[in-house]
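Peer 1: I'd like to ask you about the structure that follows.
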Amino acid sequence: MPFRRDMLLFLAASALAGGTSRALASPLTAAAQPDLRGAIDAVEYRTIPKSGDRKTRNLEQMIKKAAAENVPVFLPPGTYRISNLTLPDNTRITGVPGASRIVYTGDGHLFAAENVRRIELSNLVIDGGNRWLGDYAGGLLQFTGVDEVLIDNCEIGGSRKHGLQLERCGGRIERSRISGAAQSGLYAVDSTGLSVTGNTISDCGNGGILVHRWKKGEDGTVVSGNRISHIRANDGGTGQNGNGINVFRADGVMVVNNHIADCAFTAIRANSASDIQISSNQCRRSGETAIYVEFAFEGAVVSANMIDGAANGISIANFDEGGRLASVTGNVVRNLSLNGPYAHEVGFGIGIAAEADTLVSGNVIEGAPRWGLQIGWGPYLRNVVVNGNVVRKAPVGCAVSVAEGAGTAVITDNIFQEMAEGAVLGFEWDKKASGEMAGGGSPYKQLTVERNRIS
């Protein structure tokens, strides 16, 4: 005897509700009849097809009742047209992956929650339809002061602002797909133990994943295993937009094992973010600097990243603003370009740049059309060690600042091959100021240059 569809829905709802024997409404799909069903009781929540407010109120009542009884709301396959839902504590909404579709009807926001302990959404398609969002709404989904936001296996698309905005939230955003946001896919500010793992974020207007704080401080967000692609910079600028992952004022963040491609500016950009780890990421076809650690930071590890295609490879910059203390090791940087999205005082086509209290070791750079390594800029150079790197096919292998006020650098045991102009040369700002120094005997007392090989 074949299973009846309504029995399948009953069993699914019963399992989601911990095995409680609670009947569902009739087995018609939501598309066929716009009922809002949940695994909470035998009441059939009917709606008026053209009344979005009534439909929203019915679903909101269902969610509140389910949250109070500690059971999830299950949305069978179909389309649910709603707006302006405020979710209570302990909300759990789940559906059938790819088939339970929530469509925003406009006039404010879709989902919001504030100062609650837990919100969970899973297996839902959430479509903003590029409809207007209220001035108070930063994203299609907006959560503030939520201890645990759990979003799993959802599709979020078509937001006129951010796809998902979190403020003062912890939790996990995982295995979800966010696309078509006019601003960023995910904007997280003042997070508390947030993990963003295994998501796909694409085709966003100004950013992929943003991890920010209003004031510089400990954050601890982990961004790992995500695929990010086709991020534009519709609002322009010189780096605030167009980044795959952007970390701003947030300390203690880990950015690891992500695949990032085709960003208008930077694959991974850390601005005033101390104690950051950027490791084992694939960065492909970045429009500006692939990995940027800049402005007021202390402490950065940039290791084992693969960079293929960018204007610049890796930049550890802004000693004049307090940017210092980094380790840049084991990265591969290749196929760079002289062309960037704006005019830059230093220029583009540089493999790895560093200024203060930094180790640059064990990296491989090939195809940097200006300088393979840039060590310091004008007087902004202090305590940089360049050791054991391989640089191939660049006009200048290592350009080290010898301008007035420049500090100490040690350049040893590197291999330079196919250097058109020189392997290790001193520069005063952008002007060449020395002959070849790779073999030793530097005329500058602040420089130690020895045991390098030119082949």
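Peer 1: Mind counting the residues in the range 300-313 that are under 12 Å from V328 (Cα atoms) and crowded, with 20+ Cβ neighbours inside 10 Å?
Peer 2: Qualifying residue count, the range 300-313: 4.
Peer 1: What tally of residues in the range 317-337 results from selecting those that are touching a residue at least 40 places away in the same chain (Cβ under 8 Å), in a strand (DSSP E or B) and farther than 20 Å from N258 by Cα?
Peer 2: Number satisfying all stated conditions: 1.
Peer 1: Another question about this same structure. Go through the range 162-181 and give me each residue that's within 16 Å of the chain's Cα centre (by Cα), crowded, with 20+ Cβ neighbours inside 10 Å and part of a loop (DSSP other than H, G, I, E, B).
Peer 2: Scanning the range 162-181 gives S176, A181.
Peer 1: Quick one: which residue in A420, A438 is of a type in the set (G, A, S) and open to solvent by 70 Å² or more (accessible area, probe 1.4 Å)? Talk me through it step by step, then tell me what you get.
Peer 2: Numbers: A438 fails: open to solvent by 70 Å² or more (accessible area, probe 1.4 Å).
None of the other options fit; the residue is A420.
Okay, residues lined up against (1) touching a strand residue (DSSP E or B) at 6+ places or on another chain (Cβ under 8 Å); (2) over 21 Å from V222 (Cβ atoms):
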position: N234; (1), (2): no, yes
position: N246; (1), (2): yes, no
position: A250; (1), (2): yes, no
position: S279; (1), (2): yes, no
position: R284; (1), (2): yes, yes
position: E298; (1), (2): yes, no
position: A311; (1), (2): yes, yes
position: S315; (1), (2): yes, yes
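Peer 1: Within the set of pairs 6 or more residues apart or between chains, which connect a residue that is surrounded by 24 or more Cβ atoms within 10 Å (Cβ to Cβ) inside the range 279-299 to a residue that is charged (D, E, K, R) with Cβ atoms less than 6 Å apart?
Peer 2: Y292/R269
Peer 1: Do we find a residue being in a loop (DSSP other than H, G, I, E, B) and open to solvent by 30 Å² or more (accessible area, probe 1.4 Å) anywhere in the range 210-220? Let's see the steps before the verdict.
Peer 2: So the first thing to find is which residues in the range 210-220 are in a loop (DSSP other than H, G, I, E, B), and the list is 219-220.
So of that shortlist, the ones also open to solvent by 30 Å² or more (accessible area, probe 1.4 Å) come out as none.
Checked the range 210-220: no residue is in a loop (DSSP other than H, G, I, E, B) and open to solvent by 30 Å² or more (accessible area, probe 1.4 Å).
Peer 1: For the range 124-154, enumerate the residues that are over 24 Å from G193 (Cβ atoms), assigned to a loop (DSSP other than H, G, I, E, B) and open to solvent by 10 Å² or more (accessible area, probe 1.4 Å).
Peer 2: Hits for the range 124-154 are G129, N130, R131, W132, D135, Y136.
Peer 1: Using beta carbons and a limit of 9 Å, which pairs, at least six apart or on different chains, have the first residue in the range 235-264 and without any contact (Cβ under 8 Å) to a residue 24 or more places away in the chain and the second one among the aromatic types (F, W, Y) and open to solvent by less than 20 Å² (accessible area, probe 1.4 Å)?
Peer 2: Hits for this filter: G237/F265; Q240/F265.
Peer 1: So in the range 343-359, with the set limited to residues that are modelled with pLDDT under 95 and of a type outside the set (A, V, I, L, M, F, W, C), which one is most open to solvent (accessible area, probe 1.4 Å)?
Peer 2: Top of the filtered list is E345.
Peer 1: Which ones in the range 418-448 are among the polar types (S, T, N, Q) and over 16 Å from V386 (Cα atoms)?
Peer 2: Residue satisfying the conditions is S434 alone.
The values are calculated or read from the model by the stated rules, or taken from the named source; none is laboratory data. Just so we're clear, the structure is a prediction, and the values are computed from it rather than from any experiment. All Cβ positions, even for glycine, are placed from backbone atoms using ideal geometry, and neighbour counts span all protein chains on display. Side chains are part of the model used for accessible areas, which takes the heavy atoms of the whole protein and leaves out ligands, DNA and RNA. Shrake-Rupley method; radii C 1.70, N 1.55, O 1.52, S 1.80 Å.
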